[in-house]
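Participant: Got a structure for you, questions after.
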Amino acid sequence: MAAFSRIVAMALAVATSAAAAQAAEPTRVIEIIVGASPGGGFDRTARAIERVLEDGIVGQPINVINQPGAGGAVGLASMNRHPGDMHYISIISPNILTDELRGTSPMTFEALTPIATLVSEYLCFAVHADSDLETAADLVAALKEKPEAIRFGFATTPGNHNHVAFAQLAGAVGFDVMKPKTVIFKGASEAVTALLGRHIDFSIAPAASFAEYVRSGDVKCLAVSAPERLGGALSDVPTWTELGYDVVYGPFRGVIGPQGMEPEQIAFWEDALQKMAATEAWKKEVAENYWTENVKGHDETMTFLATERDLLRASLTDLGLLQ
Amino acid sequence: MDTIAFLATGIATAFSGWNFVYVLIGAFVGTWIGMLPGLGPSTGIALLLPLTYGLDPTGGMIMLCGIYFGSMYGGSISSILLNTPGDVSSVITMLDGNPMARRGRGGAALFCAAVASFIGGSVGLVGLTFLAEPIARFALRFGPAEYFALMTFALIATATLMQGAAVKGLMAIVIGLMIATVGIDLQSGAARFTMNSPNLFDGISLIAVIIGLFGISEVFTNIQEIMARRWGKVETVGRLWMEPSEWKRCRFSFLRGSVIGFMVGVVPGAGGAVATLLSYAAERRSSRHPEEFGKGAIEGVAGPEAANNASVGGALIPLFTLGLPGSSATAILLGALMIFGIQPGPHLFTENPDLVWGIIGSLYVANVVLVILNIPFIGIFVRMLMMPGAPLNAIILLLAVTGAYSLNNNVFDIQVALVFGVIGFLLRSAQVPLAPLVLAVALGGGLEQSLRQALSLSDGDPAGLVPSGIAAVFLGLSALLVLLAAILPATRLMSPRNRALRRAAKKEKRPQTQ
């Protein structure tokens, strides 16, 4: 009897440990919750991840669910209603940090489970093709001499990546970032329209937003805020560092899970996303979107997010958006 | 004559292989989805987008365009028959379409809407085909100041939607403008009236407001009538065809609506709401029976419906030539293109001519298919009017709630719709007109933001509001309308009611002319 109960206990132990091992692998449909509408930047990242992961890297089907609202906060909150459940993941950008700093969202990245950083999206500093500002040097001179004469417009909210990059340029060049006339547009396409119609003089947006217009000759990209030159239509555009100004900034995109994920669950996703980043299909997505690879695992992402938050705090203070 | 050759290839593409089947499916499914109370074109397209994921880009876009046109027509069916629009653009159709249906002219209203949609759609498409290039450059001249001027003009035109006491109409507009201020302010990033709820950061969803004010409050009103035993379901659906006199009244409305719709559609961001509103105002101004508007004037269906569909062709011009979406529905089409791996932009026409002309060709085909598909169904559609009250209410409520949820997959939008259902019921009881309120919600955000953008660009100098002829014309027209309305009632020239009274008096003298 004693022998029997020992066998049962052993069998149970084996079964439990098997269950623990299984828990670190998705067993049903995975949902990528996107906090933005179909077709936007977040959505494209999610769908690129879905396409590549479903192609043999993750054994379960993946659904992309759009829950737009509050710059992504609504989607994150909805994902976080499944604590410790690895079947729900979401996409993050610096928005989560900005919202925390400005107090518009109670959510911090520490309260969720950041899994990986995937890419950075560097920014274009662009003017109309017929603008008098021919080069980055012209732009710098104009901003230094008569900043209040420059009409600067960007999307989608004050204090976002475009605005932070502008604050960095102001710091590097030495002009008052509050002086230029600044307008905010609802979406990247409204900002492009205003630039094409010459209602503004100058705009900043992720490279992909301008690349097609640079190629058609409607827009001139004067410089990019990348560490190295970008490819495609923008390969001739100098970086700010090349020009002697320390402006390197681009919003990152990464993957985050709900609160309370187990180390094995994190390990599963880190591994899957690393495999994904190594595929040709992913590299093609990266090139087409003018992204720059920036792959980091869980631990590195945690440190990275903390440093980014400090950097943003400083920039937002410069912009007068934080006390 | 390159354009004609391209168009021919495009139409051939629409008929080749499975594409024609996709057009048919899209138009058919779109109509039925759009017909559900609370669902209109933008929700319909977003909802049905996943249907197309498995298809090749051309096939998928062709199906989406079918859905787009189909759901626009479907939206007018529920506005006319059930008084429950699914989008701002069909709010206007409801104003006269629903009274027509209650008078037993529902069939004629649907028929008129189908013909108007066809004519408007065709004019818009012909414009898209032949005028795309020059017009796209013109659209770029609309900066913040020009946009503000156009929105001001549109807001003043909402005055024509007012029925009854002017004070109540003005109140409705003010309430609408106040609702439009909720959310994170675009220029400063400050949260306004959000009560710290992230659900309110993007403002109160216009579609949820429409679903509540019209769909859900309609259910309450119906229940009240049933309880008071006043529920008068429509006993006769009347003759389905338009009378010759009705044709005569709206033949110019079709054309006026089409032209207005196309021109407004071209302006990025203006969209169907402004197009239908301006067309309605134009119809009322030029009509010889302005007193009938709001009580079932067929021109009030013909003009706006034509304008709504013509604006599609206009809105597609900036999308195809510049990669810039002109309306919420075209923004979803742009997203779809990206999901299919096509980078929209100034090269779309030159680098993907097969795709673009395939889409344009299928729109022509979808336009014809819809008329052929829907006219035989009108007889069935109008029978909805004869449905008994209780099940009809249950269905409207169910679909309104589902529609609200499907906007953002968020329960909060259902709560918004329910709250506005109650508000709508109370406002109706107090005889406050709901249409100006909704239009003010739709216009308010753009009006405020463009004003502040324009003023930021001019450093606060009000002269910055009139940087161009376009802005001057719209602001001048707005001022003129206000002045006329303020001065002329005394001379009784402008007041439609007085004109009507005079005409009625004349009719009494000669009753045989009727």
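Participant: Among (1) assigned to a helix (DSSP H, G or I); (2) closer than 30 Å to B:GLY294 by Cα; (3) among the polar types (S, T, N, Q), which single condition is B:THR129 missing?
Facilitator: It fails just one condition, (2).
Participant: Quick one: A:ALA149 ticks every box in (1) surrounded by fewer than 21 Cβ atoms within 10 Å (Cβ to Cβ); (2) more than 14 Å from chain B (Cβ to nearest Cβ); (3) over 15 Å from A:LEU222 (Cβ atoms) bar one, so which box is it?
Facilitator: For A:ALA149, the exception is condition (2).
Participant: Another question about this same structure. Taking the stretch A:286-320 only, how many residues are open to solvent by less than 30 Å² (accessible area, probe 1.4 Å) and on the phi > 0 side of the Ramachandran plot?
Facilitator: Qualifying residue count, the stretch A:286-320: 0.
Participant: Next question, about the same structure. Being open to solvent by 40 Å² or more (accessible area, probe 1.4 Å), within 14 Å of another protein chain (Cβ to nearest Cβ) and either free of Cβ contacts under 8 Å to residues at least 24 places away in the same chain or closer than 24 Å to A:ALA223 by Cα (or both) is the requirement here; does A:THR135 meet it?
Facilitator: Spelling it out, it is not the case that A:THR135 is open to solvent by 40 Å² or more (accessible area, probe 1.4 Å), within 14 Å of another protein chain (Cβ to nearest Cβ) and either free of Cβ contacts under 8 Å to residues at least 24 places away in the same chain or closer than 24 Å to A:ALA223 by Cα (or both).
Participant: Right, here's the next one. Go through the stretch B:282-319 and report how many residues are assigned to a helix (DSSP H, G or I) and buried (at least 24 other Cβ atoms within 10 Å of the Cβ).
Facilitator: Here the count works out to 22.
Participant: Let me ask another. I need a count of the residues in the stretch A:172-198 that are facing another protein chain (nearest Cβ under 9 Å) and among the small types (Gly, Ala, Ser).
Facilitator: Counting residues in the stretch A:172-198 that are facing another protein chain (nearest Cβ under 9 Å) and among the small types (Gly, Ala, Ser) gives 4.
Participant: Going by what's in this entry, would B:PHE252 be described as at pLDDT 90 or above, out of contact with any helix residue (DSSP H, G or I) (no Cβ under 6 Å at 6 or more places or on another chain) and assigned to a helix (DSSP H, G or I)?
Facilitator: Yes, satisfied.
Participant: Hey, among the residues in the stretch B:330-356 that are small (Gly, Ala, Ser) and open to solvent by 10 Å² or more (accessible area, probe 1.4 Å), which one's farthest from A:ARG44 (Cα to Cα)?
Facilitator: B:ALA331
Participant: Sticking with this structure for a sec: Which of the residues that make up the stretch B:420-441 are more than 20 Å from B:THR158 (Cα to Cα) and either buried (at least 21 other Cβ atoms within 10 Å of the Cβ) or not small (Gly, Ala, Ser) (or both)?
Facilitator: The answer is B:PHE420, B:GLY421, B:VAL422, B:ILE423, B:PHE425, B:LEU426.
Participant: Taking the condition open to solvent by 40 Å² or more (accessible area, probe 1.4 Å), in a helix (DSSP H, G or I) and within 19 Å of B:LEU407 (Cβ to Cβ), does B:LEU51 pass?
Facilitator: Yes, satisfied.
Participant: Residues that are more than 12 Å from chain B (Cβ to nearest Cβ), within 30 Å of A:VAL224 (Cα to Cα) and among the hydroxyl-bearing types (Ser, Thr, Tyr): list the strands (runs of 3 or more DSSP E) wholly contained in the stretch A:59-131 that include at least 1 such residues.
Facilitator: Ranges flagged: A:88-92, A:113-120.
Participant: Take A:LEU169 and decide whether it is over 20 Å from A:SER315 (Cβ atoms) and either within 14 Å of chain B (Cβ to nearest Cβ) or touching a residue at least 12 places away in the same chain (Cβ under 8 Å) (or both).
Facilitator: Judged against the criteria, A:LEU169 is not a match.
Participant: Another question, then. Do any residues in the stretch A:113-132 that are open to solvent by less than 10 Å² (accessible area, probe 1.4 Å) have Cβ atoms under 6 Å from those of residues that are of a type in the set (Lys, Arg), where the two are at least six apart or on different chains, and which pairs are they?
Facilitator: Partner pairs satisfying both residue conditions: A:THR117/A:LYS296; A:LEU118/A:ARG253; A:VAL119/A:ARG253; A:VAL127/A:LYS220.
Participant: Cβ-Cβ distance below 7 Å, separation of 6 or more or different chains: which pairs start in the stretch A:199-222 with a residue that is facing chain B (nearest Cβ under 9 Å) and end on one that is of a type in the set (Phe, Trp, Tyr)?
Facilitator: Going by the 7 Å Cβ cut-off, the qualifying pairs are A:ILE200/A:PHE152; A:ALA208/A:TYR290; A:ALA211/A:TYR290.
Participant: Return a yes/no flag: does the stretch B:179-196 have any residue that is more than 13 Å from chain A (Cβ to nearest Cβ) and part of a helix (DSSP H, G or I).
Facilitator: Checked against the condition, which is being more than 13 Å from chain A (Cβ to nearest Cβ) and part of a helix (DSSP H, G or I), the stretch B:179-196 yields at least one hit.
Participant: Please pick out the residue among B:GLY97, B:GLY121, B:GLY104 that is in contact (Cβ under 8 Å) with a residue 40 or more places away in the chain, at positive phi, assigned to a helix (DSSP H, G or I) and not hydrophobic (A, V, I, L, M, F, W, C).
Facilitator: Every option except B:GLY104 fails the conditions.
Participant: Please go through the stretch B:407-419 and give me each residue that is among the aliphatic types (A, V, I, L, M), open to solvent by 10 Å² or more (accessible area, probe 1.4 Å) and modelled with pLDDT of 90 or more, ordered by number.
Facilitator: B:VAL411, B:ILE414, B:VAL416, B:LEU418, B:VAL419
Participant: Any idea which of A:ALA314, A:ALA281, A:ALA306, A:ALA287 is small (Gly, Ala, Ser), outside the structural domain of A:VAL140 (by TED's automatic domain parsing) and at pLDDT 95 or above?
Facilitator: A:ALA306
Participant: Confirm whether A:GLN323 is more than 18 Å from the chain's Cα centre (by Cα), within 14 Å of chain B (Cβ to nearest Cβ) and open to solvent by 40 Å² or more (accessible area, probe 1.4 Å).
Facilitator: Answer is yes for this residue.
The values are calculated or read from the model by the stated rules, or taken from the named source; none is laboratory data. Computed from a predicted model, the values in this text were never measured in an experiment. A quick note on method: Cβ atoms are made from the backbone with ideal geometry, for glycine too, and the neighbour counts reach across all protein chains shown. Ligands, DNA and RNA are excluded from the accessible area calculation, which covers all protein heavy atoms including side chains. Shrake-Rupley method; radii C 1.70, N 1.55, O 1.52, S 1.80 Å.
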